[in-house]
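The values are calculated or read from the model by the stated rules, or taken from the named source; none is laboratory data. All of these numbers come straight from a predicted model, not from anything done at the bench. Cβ coordinates were reconstructed from backbone atoms using ideal geometry, including for glycine residues, and neighbour counts include every protein chain displayed.
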Amino acid sequence: MKNIPYKIYLEEDEMPRSYQNLRAYMKDKPDPMLNPATLKPVSFEDMRPVFCDACIEQELNVSDKFIPIPEEVFNFYKMYRPSPLVRAYNLEKALDTPAEIYYKFEGTNTSGSHKLNSAVPQVYYAKQQGLKSLTTETGAGQWGTALSMASAFFGVDTKVYMVKVSAQQKPHRKAVMETYGAQVIASPSDTTEAGRKINEMYPGTGGSLGCAISEAVEVAVKTPNCRYVLGSVLNHVLLHQSIVGQETKTALDKYGIKPDVVIGCAGGGSNFGGIITPFMAERLEGKTNTEFIAVEPASCPTLTRGRYAYDFGDIGKVTPLIKMYTLGSGFMPSANHAGGLRYHGMNGTISKLYHDGYIKAVSYEQTKVFEAAEAFAKVEGYLPAPESSHAIKAAMDEALRCRETGEKKKILFCLTGTGYFDLSGYQKYNSGEMSDYIPTDEELEAGFKSLPVTE
Ligand SMILES: *Cc1c(COP(=O)(O)O)cnc(C)c1O
């Protein structure tokens, strides 16, 4: 067997030329999205005022295993991909574990995360359709930045509703987005009906992703030749992120490496869905017994403590209903939460696979997550994003269990982004000001009360 290098490189011509569609491998498909007005499955026409046509087609496609990547999109990918796949020799040594640890690092592009993988095709499809502008929301700012980059490249105007607390904590993110020509508005704002209503209902609120989504959708629907784009949660976003898993698998296959455990942090589920896709496809085909672990913050415990129910994607209740694990669209994590992954719901495909027992989920308190981030940064060099550090923490725990049992498990995780844009979180952690907050059952119960009745 060849020695495994620190970085396993891929050539440009080894990059995937198609997106891989996880749902096509599932015998039990996720339940369809519902139109909230009729409670019937949403149709292509229902979604047309909100989303680009090509994205709706992909959203509704549960049968094609592979969907070609357009040439122009592939050419953009070539500027920053393939992304590095690293054997974490130094972390293995620090943990004194017999396990092998691998991570796929998606933070090398300017947006700092995997989000660009979906921004590029989404803007490309909008341009192809002849649309003039796009709206979106952003939390920490990675998605807004990714979309701004793709919009500048393909020449489409973009308006970004940025969660107000994030806009205050991360003013530099706005500067990056504006450099790429995007218009950035702190949400809730007074530019939309949804924003004005939320400001009235929750005076002084720092906003939430769900609230920013309501504003962005409202503007998209009311503006001619404008559509709304989303950086996570939906199935077409997972589809685009499948390039992360496919690149990883091609690289690992060169060395005959089959991961025993695949780990990803889970906000809306897109990077997790992306990294697991080719490995889960094999498991669903009965070829492997790979384990999958989704990692979430204890302060926003969607999979570990949420309900599996139809819910809205946003607090303003303008999106289709998705059958998913959810804390209720009114749920907002406590204000001291700095670790990202704040979304109340979870992608429907990931939810279904979790419900059917193919995926495990764990949650960690944020001080533990930052502790893992620090340990990782000291030996592996990369300063990880707080979101990514949830996966690091789970991978480290798995490797430490191997130390106890002597198992030589092969652990793979997705390092979704760089921590450069979350230095206020690190600052809080370093100064000892970071605390943990775990919602009580009563608090979660209040969120579940906002669930729509669909039966
Ligand atoms: C957005 C983001 C996430 C979470 O989103 P998913 O859709 O769950 O992947 C994780 N890490 C980073 C760095 C992000 O920007």
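For region 420-443, check the following and say yes or no: at least one residue is under 21 Å from the mean Cα position of the chain (by Cα) and among the hydrophobic types (A, V, I, L, M, F, W, C).
yes
Check Thr135, Thr145 and return the single one that is at pLDDT 95 or above, crowded, with 24+ Cβ neighbours inside 10 Å, more than 10 Å from the ligand (Cβ to nearest atom) and not in a loop (DSSP other than H, G, I, E, B). Quick ask: steps written out before the conclusion?
Values: Thr145 fails: more than 10 Å from the ligand (Cβ to nearest atom).
None of the other options fit; the residue is Thr135.
Considering (1) within 19 Å of Thr135 (Cα to Cα); (2) among the charged types (D, E, K, R); (3) in contact (Cβ under 8 Å) with a residue 12 or more places away in the chain, say which one Lys170 fails and leave the rest.
(1)
Taking only pairs six or more apart or across chains, which ones have beta-carbon atoms under 9 Å, a first residue in region 219-244 that is closer than 18 Å to Ser18 by Cα, and a second residue that is of a type in the set (Lys, Arg) and not in a loop (DSSP other than H, G, I, E, B)?
Matching pairs, first to second residue: Asn235/Arg23; Leu238/Arg23; Leu239/Arg23; Val244/Lys104.
Based on what the data block shows, is Val156 surrounded by fewer than 21 Cβ atoms within 10 Å (Cβ to Cβ) and within 17 Å of Phe51 (Cα to Cα)? Lay out the reasoning, then the answer.
Working: surrounded by fewer than 21 Cβ atoms within 10 Å (Cβ to Cβ): no; within 17 Å of Phe51 (Cα to Cα): yes.
When the stated conditions are applied, Val156 does not pass them.
Find the strands (runs of 3 or more DSSP E) located wholly in region 233-325 whose residues include 3 or more that are among the hydrophobic types (A, V, I, L, M, F, W, C), and list them. Talk me through it step by step, then tell me what you get.
Values: elements: 261-265, 291-297, 307-312.
Once the strands (runs of 3 or more DSSP E) in region 233-325 are filtered for at least 3 residues that are among the hydrophobic types (A, V, I, L, M, F, W, C), what remains is 261-265, 291-297.
Conditions tested, residue by residue: (1) away from the ligand (no atom under 16 Å from the Cβ); (2) farther than 23 Å from Pro259 by Cβ; (3) out of contact with any His (no Cβ under 8 Å at 6 or more places or on another chain); (4) at pLDDT 95 or above.
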{"residue": "Glu374", "(1), (2), (3), (4)": "yes, yes, yes, yes"}
{"residue": "Gly381", "(1), (2), (3), (4)": "yes, no, yes, yes"}
{"residue": "Pro384", "(1), (2), (3), (4)": "no, no, yes, yes"}
{"residue": "Ala394", "(1), (2), (3), (4)": "no, no, yes, yes"}
{"residue": "Arg401", "(1), (2), (3), (4)": "yes, no, yes, yes"}
{"residue": "Thr405", "(1), (2), (3), (4)": "yes, no, yes, yes"}
{"residue": "Phe413", "(1), (2), (3), (4)": "no, no, yes, yes"}
{"residue": "Phe421", "(1), (2), (3), (4)": "no, yes, no, no"}
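Looking for whichever is touching a residue at least 40 places away in the same chain (Cβ under 8 Å), surrounded by fewer than 23 Cβ atoms within 10 Å (Cβ to Cβ) and either away from the ligand (no atom under 16 Å from the Cβ) or among the small types (Gly, Ala, Ser) (or both) here; the options are Ser450, Ser388, Ser351. Which one fits?
Testing whether each residue is touching a residue at least 40 places away in the same chain (Cβ under 8 Å), surrounded by fewer than 23 Cβ atoms within 10 Å (Cβ to Cβ) and either away from the ligand (no atom under 16 Å from the Cβ) or among the small types (Gly, Ala, Ser) (or both) leaves just Ser450.
So, of the residues in region 193-233 that are surrounded by fewer than 16 Cβ atoms within 10 Å (Cβ to Cβ) and on the phi > 0 side of the Ramachandran plot, which turns out to be farthest from the ligand (Cβ to nearest atom)?
Per the stated criteria, the residue is Asn225.
Given the conditions (1) surrounded by fewer than 22 Cβ atoms within 10 Å (Cβ to Cβ); (2) in a helix (DSSP H, G or I); (3) within 14 Å of the ligand (Cβ to nearest atom), which single one is not true for Thr108?
Status for Thr108: all satisfied but (2).
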